Every structure is written in structure tokens, then in C-alpha cells.
Amino acid sequence: MTDKKHTTAGQFNLGRIVSTRGAVSALDPDDLLKALSRHAAGDWGEVGSEDWAENELSIREGFRLLSSYRDRNGTKFWIITEADRSATTFLLPEEY
């Protein structure tokens, strides 16, 4: 397991928080809020080391951010913050 350094909370704006229909119907709201808190703190969840490094670069350069988590039932979901920081979206991978 790679040691992953977390970014400092508040380094980027989340913009408008939105969710796809699939994510709303499949996921518990408490799990979404916990994951959003992790995402905002720079804990990218289950992304690979390359995506983790890309997110760290994206914080500095203003690119899109991607996190991957699992809910209490093991359902995988993503959180994406747009490059312009206008929106952060919860979605299931198959909805991408």
C-alpha cells in the first residue's frame, strides 16, 4: 500500500453539489456526506496511485478532481469536482 499524503482541507471550492439519479437511489445520504468530507479534505479514497498524484497536481493547477469510495454496502461511487470548481457530482461509475 502506498503512503498517500492528504492535501490540506479548503484548498479548493466544491461549487454546487449535485448527484445523478443512480447515485441518489443506490447510496445512503450519510455515506455521501462522509465521502464528500473526505474528498474536500484531499482524501481521494480508493483511486490508484497515478490518479492520486493527478489529483494532487490538479489541486495546484486547477484541473478536475476524482475520488472513489464505497458505501456501507460496498457499492462503488465517484465524486468529481469540475476543473472550474463550479460543481461537484456524486455518481456511479457506470453513469460516467
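List of remarks:
- Those residues of the range 75-96 whose amide nitrogen sits under 18 Å from the label point placed on L57, 7 Å along Cα→Cβ: 81-84
- Among S67, Y96, S25 the positive-end extreme of the charge dipole of the range 14-96 (Cβ point charges): S25
- C-alpha long axis of helix 29-40 to longest principal axis of the chain, angle in °: 10 degrees
- With each label modelled as a point 7 angstrom along the Cα→C-beta vector, the T20-K76 pair spans 1.3 nm.
- Computed about its Cα centre, the charge dipole of the chain is approximately 240 debye, with only Lys, Arg, Asp and Glu carrying charge at their Cβ.
- Helix 49-61 vs. the chain, principal-axis angle (Cα, 0 to 90°, nearest 10): 70 degrees
- Which labelled figure in (i) 34, 33, 21; (ii) 38, 35, 20; (iii) 47, 35, 25 is Cα extents along the principal axes in Å, once derived from the coordinates: (i)
Each value in this text was obtained by applying a stated rule to the coordinates, not by laboratory testing. Small disclaimer: the values here were computed from a predicted structure and weren't measured. Note: ideal-geometry Cβ built from the backbone for every residue, glycine included; neighbour counts use all protein chains shown.
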